[in-house]
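Trainee: I'd like to ask some things about the structure below.
The values are calculated or read from the model by the stated rules, or taken from the named source; none is laboratory data. Keep in mind it's a predicted model, so treat the numbers as computed, not measured. Here the Cβ positions follow ideal geometry from the backbone for every residue, glycine too, while neighbour counts run over all protein chains shown. Surface areas here come from the heavy atoms of the whole protein model, side chains and all, with no ligands, DNA or RNA. Shrake-Rupley method; radii C 1.70, N 1.55, O 1.52, S 1.80 Å.
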Amino acid sequence: MEEELRCYVCKGFYREPVLLPCGHALCRLCAVNLQTHVPEADNASASASDYQEADKASVSSETDSGVVCGSRPNSYAGTPAAPIYPSTAFSLSCPICNKQIYMDDNGAEGLPPFRVMRTIVERFGGVNIAPPAEEACQMCEGEKRAAVVRCEQCSVRYCANCRDAWHPIRGPLAQHELRALGTTCGDHGATPVLYCNTCLIPICQRCLAEKHSQHETQPLSNAARAHKTDLSQSLTQLSEEAKAVTEYIQLVKGSGDKVNESCEELERQIDQACAEITRAVERRRDELVRAARNTRSQAATNMRTLTAHAAQKLREATALLHFSIEALKETDHAAFLQVGNILAARAQDTASGLRESLETPPSPPALTLDIEPVLRTVKTMNFIECIPPGAPEMAVEACAARGCSCTLAWRPPVAPHAVRGYILELDDGLGGLFREVYCGRETVCTIDGLHYASLYSARVKAFNGAGEGPYSEVIGLQTSPVAWFSWDARCASGEGVSVCAEGLSARAAGWQPRVVLADQPLARGVHYWRLRIDHYDGDADPAFGIARADVAKEKMLGSDALGWAMYIDGSRSWFVHGGAHGGRAPGGIAPGSTVGILLDLTRGTLRFTVDDQPQGDIAFTGLRGAFYPAVSLNRGVAVTLQPGLPPPPDLLISTLAIE
């Protein structure tokens, strides 16, 4: 509580505390030092605008609520219907809330004394504060005490001791009126008995008759009790919040102890890890030293072997040399000629092969110790999480499926687990195995290229250096039941065909057929779309159907094995695939006609309609994989695509009947 008892400006216990309209307190001397003089030129603007921003002056009985109003309430600005002072002489900015306060000629000296604050400071702060002169006992000698009564006949203020000593209630002074001091009406000097709910100030009976007759009032004691009740409720709530903060502080302190224990354990782990690394380095050093010594021993052995071999060759050559020298000394010519040629040949052979028989002397091993990988590893040593993260939470409200795409969002696991990234998994839309579709730090992911009319299941898990955490709850996302697509603008990049900006209309310009594909494939479900014939002059050869992505683009659709189509003119049609024609059916097209394509990938069939009526039987069967809606056009044909249509029921029924 000591913080409430110290002045915000001088930091000492309050001395002669005064109450500001904003509800904060200051020492009277501090308030006087903070006030500034307002020039005359600024008085008009200040009184016209700023008084509306000032706080209302809330006052009540000193006996009941403890907040008092001074004897000069006009000394600070309230919020009446009109300014209560003609001009502003001084202003003061509250150092706590920075609210600007405007005062009359009395300035800060006219601010009401904060008697409750003074009493509490004396009670708990151990500081005896001399009361202001107008509130001091006039009979005390030496240190003045606060007066508690005033004799209306003697016009003297008495403290409790002096009243008993100098103005007893018996005797000749018994008829004198002793008025209790405290809150008084600033206009009439009488004790307030009522509280004006409109002006929020205590008033006397004369105030009620003169100024507040039309205002809502209540007895001062009732108002004080109501304010005390409100304050008690607020204090109860504040007490609960303070209790919660106290528990939080204890929790933080407990967390600090756990952090200290964890850090101490971490230091022990670091010491143990570094000691283990040192032992591993020493073991490796011993192994490398032994290897170097073995290399030296092997080299010494090899050198001894080479030396012995060379010495043997040298002894043989020297023996032959000495023998041949002795042979040269033979005087018997016939005897010398008997061995002369032999010795010459041996000498030549020995001389020519003597050096060739010697091996190259060994060189010192060109080895050095590579420590760079070890140094890099040591430099990259770091901490990793020892606990895998918890399960993320799917943000269901942010997850959505649109067309053949879906957006998934999730929330991080509950702290304090650290997260390095997330792994998002998706099944195949048929309840099959999950597969990874995303790995990264983001918590939102959009997946394109899904199948239409499919229910996908998704889940996500978090990971860190300690491993992977548990999966989140599984969420299901339903893609669009019908396919929405348009013509691929890249098919119009060459000559011969053009596609409108919306991607739905296509027109041919040359006689050579050109194939136009849709911008996305179909691989699952039942799909039906139509092509409206906007222009047809009877000489063109349009074909409608499906194709693989790498179908030949400069031939009629169905001319190769990658296209399945129906060729149609004004009176008949054929089914075309791989260059082969079949299934001729009567009925043709004209401007305004519609050609429908029913692709049932569940059964693997393809059918055609003209003006929503079946055109022949099932055209193709055994279709598996991904197919692009396609059309081939040449000069004189313009079509408009109508995707995402429900199949005609009669067509589905007839297909089942044919099967």
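Trainee: Examine the range 576-585 for a residue that is in contact (Cβ under 8 Å) with a residue 40 or more places away in the chain and either in a strand (DSSP E or B) or in the same structural domain as Arg624 (by the TED database) (or both), and state whether such a residue exists. Break it down stepwise before answering.
Mentor: Quick first cut of the range 576-585, residues in contact (Cβ under 8 Å) with a residue 40 or more places away in the chain only: 577.
Cutting the leftovers down to either in a strand (DSSP E or B) or in the same structural domain as Arg624 (by the TED database) (or both) gives us 577.
Yes, the range 576-585 contains at least one residue that is in contact (Cβ under 8 Å) with a residue 40 or more places away in the chain and either in a strand (DSSP E or B) or in the same structural domain as Arg624 (by the TED database) (or both).
Trainee: Just to be sure, is Tyr422 touching a Cys at 6+ places or on another chain (Cβ under 9 Å), outside any strand (DSSP E or B) and crowded, with 18+ Cβ neighbours inside 10 Å?
Mentor: Working: touching a Cys at 6+ places or on another chain (Cβ under 9 Å): yes; outside any strand (DSSP E or B): no; crowded, with 18+ Cβ neighbours inside 10 Å: yes.
Judged against the criteria, Tyr422 is not a match.
Trainee: Which pairs do you get when a residue that is over 18 Å from Gln269 (Cα atoms), found in the range 372-397, comes within reach of a residue that is at pLDDT 85 or above and open to solvent by 90 Å² or more (accessible area, probe 1.4 Å), reach meaning Cβ atoms under 7 angstrom, with the pair 6+ apart or on two chains?
Mentor: Pairs that qualify, where the first residue is over 18 Å from Gln269 (Cα atoms) and the partner is at pLDDT 85 or above and open to solvent by 90 Å² or more (accessible area, probe 1.4 Å), are Pro388/Glu468; Met394/Glu473.
Trainee: Against the condition open to solvent by less than 70 Å² (accessible area, probe 1.4 Å), part of a helix (DSSP H, G or I), at pLDDT 85 or above and within 30 Å of Phe383 (Cβ to Cβ), how does Cys274 come out, does it pass? Give the steps one after another, and end with the answer.
Mentor: Working: open to solvent by less than 70 Å² (accessible area, probe 1.4 Å): yes; part of a helix (DSSP H, G or I): yes; at pLDDT 85 or above: yes; within 30 Å of Phe383 (Cβ to Cβ): yes.
Yes; evaluated as a whole, the condition is true for this residue.
Trainee: Quick one: Ala280 ticks every box in (1) of a type outside the set (Asp, Glu); (2) over 30 Å from Met381 (Cβ atoms); (3) at pLDDT 90 or above bar one, so which box is it?
Mentor: Exception for Ala280: condition (2).
Trainee: So, one more: Which of the residues belonging to the range 606-634 are in contact with a strand residue (DSSP E or B) (Cβ under 8 Å, 6 or more places away or on another chain), open to solvent by 10 Å² or more (accessible area, probe 1.4 Å) and part of a strand (DSSP E or B)? Reasoning before the result, please.
Mentor: From the range 606-634, those in contact with a strand residue (DSSP E or B) (Cβ under 8 Å, 6 or more places away or on another chain) are 606-612, 614-621, 623, 626-634; that's our starting set.
After this cut, where a residue has to be open to solvent by 10 Å² or more (accessible area, probe 1.4 Å) as well, the list is 610-612, 614-621, 626, 628.
Matches in the range 606-634: Val610, Pro614, Phe620, Tyr628.
Trainee: If you scan the range 343-362, which residues turn out to be open to solvent by 100 Å² or more (accessible area, probe 1.4 Å) and assigned to a helix (DSSP H, G or I)?
Mentor: Once the filter is applied, which keeps residues that are open to solvent by 100 Å² or more (accessible area, probe 1.4 Å) and assigned to a helix (DSSP H, G or I), the range 343-362 yields Arg346, Gln348, Asp349.
Trainee: Additional query: Within the range 561-595, track down each residue that is within 58 Å of the chain's Cα centre (by Cα) and of a type in the set (Ser, Thr, Tyr).
Mentor: Tyr567, Ser593, Thr594
Trainee: Continuing with this model, one more query. Restricting to the range 566-575, what's the tally of residues that are among the polar types (S, T, N, Q) and either open to solvent by 10 Å² or more (accessible area, probe 1.4 Å) or not assigned by the TED database to the domain that holds Arg530 (or both)?
Mentor: The first filter runs over the range 566-575 and keeps only residues among the polar types (S, T, N, Q), leaving 571, 573.
Checking the rest, the ones that are also either open to solvent by 10 Å² or more (accessible area, probe 1.4 Å) or not assigned by the TED database to the domain that holds Arg530 (or both) come to 571.
Residues meeting the conditions: 1.
Trainee: If the requirement is being under 17 Å from Thr621 (Cβ atoms), of a type outside the set (Val, Ile, Thr) and buried (at least 22 other Cβ atoms within 10 Å of the Cβ), which of these qualifies: Gly563, Gly596, Gly578?
Mentor: Details: Gly596 fails: under 17 Å from Thr621 (Cβ atoms); Gly578 fails: buried (at least 22 other Cβ atoms within 10 Å of the Cβ).
Selected residue: Gly563, the only one of Gly563, Gly596, Gly578 that is under 17 Å from Thr621 (Cβ atoms), of a type outside the set (Val, Ile, Thr) and buried (at least 22 other Cβ atoms within 10 Å of the Cβ).
Trainee: Determine whether Thr368 is assigned by the TED database to the domain that holds Ile270, of a type in the set (Val, Ile, Thr) and more than 37 Å from the chain's Cα centre (by Cα).
Mentor: On the way: assigned by the TED database to the domain that holds Ile270: no; of a type in the set (Val, Ile, Thr): yes; more than 37 Å from the chain's Cα centre (by Cα): yes.
No.
Trainee: From the list Val474, Val515, Val497, pick out the single residue that is touching a Ser or Thr at 6+ places or on another chain (Cβ under 6 Å), among the hydrophobic types (A, V, I, L, M, F, W, C) and in the same structural domain as Leu601 (by the TED database).
Mentor: On the way: Val474 fails: in the same structural domain as Leu601 (by the TED database); Val497 fails: touching a Ser or Thr at 6+ places or on another chain (Cβ under 6 Å).
Just a single option satisfies the conditions, and that option is Val515.
Trainee: Turning to a different aspect of this structure: Being assigned to a strand (DSSP E or B), open to solvent by less than 10 Å² (accessible area, probe 1.4 Å) and not assigned by the TED database to the domain that holds Gly596 narrows it down to one of Ala483, Ala458, so name that one.
Mentor: Numbers: Ala483 fails: assigned to a strand (DSSP E or B).
None of the others qualify; the one that does is Ala458.
The rows are residues; the columns are (1) in a helix (DSSP H, G or I); (2) surrounded by 10 or more Cβ atoms within 10 Å (Cβ to Cβ); (3) out of contact with any helix residue (DSSP H, G or I) (no Cβ under 8 Å at 6 or more places or on another chain); (4) not basic (Lys, Arg).
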{"residue": "Thr198", "(1), (2), (3), (4)": "no, yes, yes, yes"}
{"residue": "Gln214", "(1), (2), (3), (4)": "no, no, yes, yes"}
{"residue": "Lys228", "(1), (2), (3), (4)": "yes, yes, yes, no"}
{"residue": "Ser239", "(1), (2), (3), (4)": "yes, yes, yes, yes"}
{"residue": "Lys243", "(1), (2), (3), (4)": "yes, yes, yes, no"}
{"residue": "Tyr248", "(1), (2), (3), (4)": "yes, yes, yes, yes"}
{"residue": "Gly256", "(1), (2), (3), (4)": "yes, yes, yes, yes"}
{"residue": "Asn260", "(1), (2), (3), (4)": "yes, yes, yes, yes"}
{"residue": "Leu266", "(1), (2), (3), (4)": "yes, yes, yes, yes"}
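Trainee: Does the range 366-386 hold any residues that are under 16 Å from Ala466 (Cβ atoms) and open to solvent by less than 100 Å² (accessible area, probe 1.4 Å), and which are they?
Mentor: Restricting attention to the range 366-386, the residues satisfying the condition of being under 16 Å from Ala466 (Cβ atoms) are 382-386.
Correct list: Glu385 only.
Trainee: Continuing with this model, one more query. State whether one or more residues within the range 118-130 are open to solvent by less than 70 Å² (accessible area, probe 1.4 Å), part of a strand (DSSP E or B) and either closer than 21 Å to Gln35 by Cβ or not assigned by the TED database to the domain that holds Ala89 (or both).
Mentor: no
Trainee: Same structure again: Tell me, please, whether a residue that is farther than 21 Å from Ala506 by Cα, open to solvent by 40 Å² or more (accessible area, probe 1.4 Å) and in contact with a His (Cβ under 6 Å, 6 or more places away or on another chain) can be found in the range 635-658. I'd like the intermediate steps shown before the answer.
Mentor: If we filter the range 635-658 for residues that are farther than 21 Å from Ala506 by Cα, which is where we start, we get 646-658.
Subsequent filtering for residues that are open to solvent by 40 Å² or more (accessible area, probe 1.4 Å) retains 646, 649-650, 652-653, 656-658.
So of that shortlist, the ones also in contact with a His (Cβ under 6 Å, 6 or more places away or on another chain) come out as none.
No, the range 635-658 has no match at all.
A quick yes/no check of all residues on (1) in contact with a Cys (Cβ under 7 Å, 6 or more places away or on another chain); (2) modelled with pLDDT of 85 or more; (3) not in a strand (DSSP E or B):
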{"site": "Gly494", "(1), (2), (3)": "no, no, yes"}
{"site": "Arg507", "(1), (2), (3)": "no, yes, no"}
{"site": "Gln512", "(1), (2), (3)": "no, yes, yes"}
{"site": "Trp529", "(1), (2), (3)": "no, yes, no"}
{"site": "Ile533", "(1), (2), (3)": "no, yes, no"}
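Trainee: Would you check which residues across the range 146-167 are assigned to a loop (DSSP other than H, G, I, E, B) and either surrounded by 19 or more Cβ atoms within 10 Å (Cβ to Cβ) or touching a helix residue (DSSP H, G or I) at 6+ places or on another chain (Cβ under 7 Å) (or both) and list them? Step through it out loud before you land on a result.
Mentor: Of the range 146-167, the ones assigned to a loop (DSSP other than H, G, I, E, B) are 147-148, 152-155, 159, 167.
Residues satisfying the conditions are Ala147, Val148, Cys159, His167.
Trainee: Only residues in the range 120-136 that are over 20 Å from Arg157 (Cα atoms) count as the first member; pair them with residues that are part of a loop (DSSP other than H, G, I, E, B) and at pLDDT below 75, Cβ under 7 angstrom, at least 6 apart or cross-chain, and list the lot.
Mentor: Taking only residues 6 or more apart or on different chains, the pairs are Val121/Val127; Val121/Ile129; Glu122/Asn128; Glu122/Ile129; Phe124/Met1.
Trainee: In the range 435-455, what residues are outside any strand (DSSP E or B), free of Cβ contacts under 8 Å to residues at least 60 places away in the same chain and not polar (S, T, N, Q)? Full working, then the answer.
Mentor: First, the residues of the range 435-455 that are outside any strand (DSSP E or B): 441-443, 448-454.
Cutting the leftovers down to free of Cβ contacts under 8 Å to residues at least 60 places away in the same chain gives us 441-443, 448, 450.
Of everything in the range 435-455, those that are outside any strand (DSSP E or B), free of Cβ contacts under 8 Å to residues at least 60 places away in the same chain and not polar (S, T, N, Q) turn out to be Arg441, Glu442, Asp448, Leu450.
Trainee: Further question on the same structure: Every residue in the range 16-35 that is of a type in the set (Gly, Ala, Ser) and open to solvent by 30 Å² or more (accessible area, probe 1.4 Å), please. Spell out how you get there, then give the answer.
Mentor: Kept after step one, since they are of a type in the set (Gly, Ala, Ser), are these residues of the range 16-35: 23, 25, 31.
Within the range 16-35, Gly23 is the sole residue that qualifies.
Trainee: When you check Pro388 against the structure, is it in a helix (DSSP H, G or I) and within 53 Å of the chain's Cα centre (by Cα), yes or no?
Mentor: Values: in a helix (DSSP H, G or I): no; within 53 Å of the chain's Cα centre (by Cα): yes.
No; evaluated as a whole, the condition is false for this residue.
Trainee: Taking Tyr452 as meeting all but one of (1) in contact with a Gly (Cβ under 6 Å, 6 or more places away or on another chain); (2) aromatic (Phe, Trp, Tyr); (3) within 30 Å of Gly256 (Cα to Cα), write down the number of the exception.
Mentor: Just one mismatch for Tyr452, condition (3).
Trainee: Same structure, new question: Residue by residue through the range 283-333, note down the ones that are assigned to a loop (DSSP other than H, G, I, E, B) and open to solvent by 100 Å² or more (accessible area, probe 1.4 Å).
Mentor: In the first step, residues of the range 283-333 are kept if they are assigned to a loop (DSSP other than H, G, I, E, B); the result is 329-332.
Once the filter is applied, which keeps residues that are assigned to a loop (DSSP other than H, G, I, E, B) and open to solvent by 100 Å² or more (accessible area, probe 1.4 Å), the range 283-333 yields Lys329, Thr331.
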